[in-house]
Amino acid sequence: MPTNLEEIVKYIVDKSFDLKNQFTDAKFAPVEFACIFCQSEDEYQDLDCLVGEKGGIVQGTPSGKTYLLSEAIPTKAGFLRLLKVRKPDPARKERGDADFNTPYKELKDKYSNKPRFELIKRDSFEMLRLSDPEFDVMSCFSSIPMSKELGIELK
């Protein structure tokens with residue numbers, strides 16, 4: 001299992017990209033946002049501090065903080081600038097997830113009733129989450145990209 005930040009992020013995004021490509025036809029959808037699911041309080045403290053040195057907080061939630069990285073991390077799915085470090089959660093054994101920019105309505109219409117896909121409704125948006133027991137990551141597709149919800153222009 002990767003241990004440094006860039007390796008962890010690449011692992012999560014690259015595996016999420018492979019998951020997305022195995023179960024959807026959104027082959028070229030770029031990554032918008034990724035989340036590291038910390039597996040211990042020590043890991044959370046270490047990664048939160050490390051990511052804090054590489055960018056500024058753009059959102060704080062009870063489950064963790066989202067950062068805008070000063071320098072993008074290159075991945076199979078493009079350059080990643082938005083990264084959340086999530087507090088440990090016994091319900092989340094996965095390593096993390098990645099959100100991909102897609103034509104959301106088309107994707108929802110095509111996949112929302114298929115196995116492995118779960119429709120999740122939040123106050124200001126909804127998303128389709130893809131998971132498979134063969135993968136230790138998830139792929140997400142949001143109705144509103146995280147950058148738009150946060151009012152950030154990614155370059």
Requested in this report: With θ set to phi - 60°, apply the Karplus curve 6.51 cos²θ - 1.76 cosθ + 1.60 along the stretch 109-118 and write out the HN-Hα couplings as whole Hz, x wherever there is a Gly or Pro.
Outcome: 4, 7, 10, 4, 9, 8, x, 6, 9, 10
Query raised in the report: Does anyone have the angle between helix 41-54 and the longest principal axis of the chain? Alpha-carbon axes, 0 to 90°, nearest 10?
Result: 90 degrees
Query raised in the report: Taking H as built 1.01 Å from N, whose amide H comes closer than 5 Å to the amide H of residue 75, not counting residues under 5 places away?
Result: 80
Query raised in the report: For a paramagnetic label modelled at 7 Å from the Cα of residue 14 toward its Cβ, which residues of the stretch 52-89 fall within the zone defined by backbone nitrogen distances under 15 Å?
Result: 73-80
Query - Selection from 63, 139, 115, by position along the positive dipole direction of the chain (Cβ) - result: 115
Query - Length gained when the stretch residue 59-residue 72 is fully extended (0.36 nm per residue, less Cα-Cα span) - result: 2.9 nm
Requested in this report: State which entries of 20/65; 87/108; 84/121 exceed 23 angstrom in Cα-Cα distance in the structure shown.
Outcome: 20/65; 87/108
Report summary line: With the 8 Å Cα cutoff and a minimum separation of six or more residues, the stretch 1-147 has a relative contact order in percent of 28 percent
Query raised in the report: Across 5 Å bins from the origin, how do the percents of Cα pairs in the chain run, short distances first?
Result: 2, 10, 20, 24, 22, 15, 6, 1, 0
Query raised in the report: Rounded to the nearest 5, what % of the DSSP beta bridges within the stretch 1-125 are antiparallel ones?
Result: 85 percent
Report task. Sort the following peptides by mean Cβ neighbour count (other Cβ atoms within 10 Å, averaged over residues), highest first: 143-149, 32-38. Result -> 32-38, 143-149
Requested in this report: Any chance you could give the angle, 0 to 90 degrees and rounded to 10, that helix 5-23 forms with the longest Cα principal axis of the chain?
Outcome: 10 degrees
Query raised in the report: How about the stretch 86-145: which trypsin sites (Lys or Arg not before Pro) there lie in a loop by DSSP and see at most 13 other Cβ atoms within 10 Å?
Result: 93, 122
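Read-outs throughout are calculated quantities, based only on the coordinates presented, and are distinct from any laboratory measurement. In this text the structure is predicted, and so the values were computed from the model without any measurement. As a convention, Cβ positions derive from the backbone with ideal geometry for all residues, glycine included, and neighbour counts pool all protein chains shown.
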